[in-house]
1. Hey, rough spin-label estimate for residue B:2 and residue B:234, points 7 angstrom out along Cα→Cβ, what's it come to in nanometres?
2. Under the definition of partner shielding as Cβ atoms of other protein chains within 10 Å of a residue Cβ, what is the mean value for peptide B:90-101?
3. With all distinct Cα pairs included, what does the Kirkwood hydrodynamic radius of chain B come out to in Å, to one decimal, could you say?
4. Please give the peptides A:51-58, B:25-32, A:150-157 ranked by average Cβ packing (other Cβ atoms within 10 Å per residue), highest first, as a rough proxy for protection.
5. With a point put 7 Å past each Cα toward its Cβ, work out how far residue B:223 is from residue A:71 in nm, to one decimal.
6. Add -39500 (n - 2.57) for each DSSP H run of 4 or more in the protein assembly as shown, then divide by its residues: what number comes out at 222 nm, to the nearest 500 deg cm²/dmol?
7. At R0 = 45 Å, how high is the FRET efficiency between residue B:54 and residue B:23 if r is their beta carbon distance? Nearest 0.05 is fine.
8. Take peptides A:74-81, A:59-66, A:119-126 and line them up by average Cβ neighbours within 10 Å, highest first, as a rough protection proxy.
Ligand SMILES: Cc1cc2nc3c(=O)[nH]c(=O)nc-3n(C[C@H](O)[C@H](O)[C@H](O)COP(=O)(O)OP(=O)(O)OC[C@H]3O[C@@H](n4cnc5c(N)ncnc54)[C@H](O)[C@@H]3O)c2cc1C
Ligand code: FES
Ligand code: FES
């Protein structure tokens, strides 16, 4: 076992891990942050997406020890300070961007990474960016709509489709 | 996944030393190796992470070449090589998905030499030089069939040097489930001639299509490829596409790449 320390959602987090412990296992099992989901465990689905030093990564495909000293953010850290939903989360609710909700943590984290790099993406750019996030329920349409709405763009044309 | 020890050296020398241990293996971005370990297809006793080696990071322009550190992620290549070598940056920006591009590295991709990987096409199609901790290897000598390269045990790709072409383009048909190429072609026009490298198609891994290179060196236009076809004999045939379909796609992708480049 080796000690690992990182910042998770602004708070110091440390614990003993094995070489093979994945970042998502550290977050879920050691830190109790079960919002990051494991949908496939084969690096395909994106339900486990978190940010490491500001970049979206699949937490099931990164070793916990690789995150030593890193700033990690997860879905649990996304809400506003008063506990209300942030702009992206609220847009997912308003536009029915989720059904079962399993993919949603990864979708929200990917959306946040996209909007940080590209504050006003086109619909095509949103769809391209979500290539690594799989949703089995929504057909993506309302997810794309929610992200465009969260970016402050008019989604009435999309809504009419 | 079987357990292993993990070390993260700060220099190439320390990494080479750590890789000297029996059953030690290099870890780049882990976007291929971690899924492989989960399937228990590999069982190293020690992983030597290359992500902490600052000398292996980044994109620099050096005269007529772009030099990329072996530990540079696909995302950084997509962003930082865009001015110097847009064809290469365009390829890097279409590997997998954003999260894969934030971790996966050029060194890992070239070391792995998946028969459907993107970077081997750019390296072979540019006549790049693979620089390791011990030597320099020309791309023409480096790729030796699917998942096989000239790398020795414990050898680390520290840099890759790409001569910058006049124009270039990478045309890729993605296999929608894996997002790897079903077939993809990298075309680059140099003063000395045109290079055409094909990935995703052959059972022998990435290869140069020499007939197309000869035709395009005479006349760099999609029309120059009229009538040229590849035999389907050595092509990959699987549930995603037959060998004949892949052979056909090579022609289509080459024409598209030439049209986009010229
Ligand atoms: C969902 C998904 C989609 C993908 N889509 C594509 C795609 O479209 N196109 C594509 O080309 N790839 C794709 N990939 C693979 C991805 O590009 C990987 O990043 C790449 O193949 C391996 O790079 P890595 O840095 O992650 O290497 P790792 O997984 O860490 O290592 C791979 C192998 O290389 C060795 N190695 C690593 N770095 C070095 C080095 N510097 N020197 C010597 N040996 C080294 C390791 O020991 C290991 O054997 C995809 C992966 C995923 C998970
Ligand atoms: S659980 Fe990580 S990509 Fe599916
Ligand atoms: S809402 Fe069910 S998987 Fe996306």
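1. 3.4
2. 6
3. Details: mean 1/r = 0.0539 Å⁻¹.
Mean inverse Cα-Cα distance, inverted, gives 18.6 Å.
4. Packing order, densest peptide first, comes out as B:25-32, A:51-58, A:150-157.
5. Simple spin-label model gives 5.7 nm for this pair.
6. Per the formula, -8000 deg cm²/dmol.
7. Working: r = 27 Å, r/R0 = 0.60.
For R0 = 45 Å, the calculated efficiency reads 0.95.
8. Top of the packing list down: A:59-66, A:74-81, A:119-126.
No lab work stands behind these numbers, since they all come straight from the coordinates. Remember, predicted model here, so these are calculated numbers, not experimental data. Cβ coordinates were reconstructed from backbone atoms using ideal geometry, including for glycine residues, and neighbour counts include every protein chain displayed.
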